[in-house]
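Below is one structure, written out as structure tokens; comments come after it.
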Amino acid sequence: MLEQPTTKKGRRTTRTDWIEEGFRVLAEEGHAGLTVDILCDRLGRTKGSFYHHFAGGRPDYVIALLEEWERRATERLLETWRIDAPVTERLRAVNRQAAELRTARLERAIRSWAAAEAEAARVQDRVDRRRLAFLEELCTERMGDEEAAGRVARVLQLLFVGAQHLEPPLQGSELYRSFAALEPLFDAARPAAPGNGQPPEPAAPASEAQPEPTTGREESRLSRGRKLLRLRRG
């Protein structure tokens, strides 16, 4: 959740204040609102205060803002990785964290920003890749099959991103239950090993399938049918 503004008259505005305000602007107005004038107006500060912290102007500010978002977007994953618990519990902890986030509009705004500015696109790509790699590692540990785990990890990522783009966003207990509904995939997506360790024999085409043996009664019925057919033709 984004922190509320803390600047007051008589207190020096910190670099963190400018970063936090930038996140609020993104969530409320999108990347178009990230101008020096708008930021200064919202915080009630002069441009001198802004340039004191970001001497290079908006480009420096954008880099600092995106670096901080990247750190926040991935650090909780690392915290979960360090938990001393079975992999099943760690996966559920990741899903719970994702469901409890209240940053859907911010992440949606940054993804939109990534379509417009190269620096935002680079950071968004790194975050997506890092999150996916983390999920793939957990899913591989859970499933024991790297290829199948990659597919399940991608489904989890797609659910998370898709939930952010709903209006209102899918989050909280609803999103967590949606993640939980995917748990059967951990078994279903794993290829089943044949009993003898060898791939199963392919089924014979229908044209090559052998007929089932017939009983005496069935043979008699077939014989009568053939006789009737000959009589009709005669």
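Expressed as a fraction of 2.2 N^0.38 Å, the value expected for a compact globular protein of N residues, the C-alpha radius of gyration of region 15-188 is 1.16. Note on Asp128 and Glu68: the model spin-label points, each 7 Å out from Cα along the C-beta direction, lie 2.5 nm apart. Computed from the Cβ-Cβ distance with R0 of 41 Å, the FRET efficiency linking Asp41 to Leu78 stands at 0.65. For region 15-188, the relative contact order works out to 22 percent when only alpha carbon pairs closer than 8 Å and six or more residues apart are counted. Taking a label point 7 Å from the Cα of Ala188 along the Cα→Cβ vector, which residues of region 128-145 have an amide N closer than 17 Å to it? Zone members listed by number: 143.
Of the peptides 144-153, 168-177, the order by per-residue mean of other Cβ atoms within 10 Å, starting with the highest, comes out as 144-153, 168-177.
Values quoted throughout were computed directly from the atomic coordinates according to the rules given, and no laboratory measurement underlies them. These figures come from a predicted structure and were not determined experimentally. Counting neighbours? That spans all protein chains shown, and the Cβs are built from the backbone with ideal geometry, glycine included.
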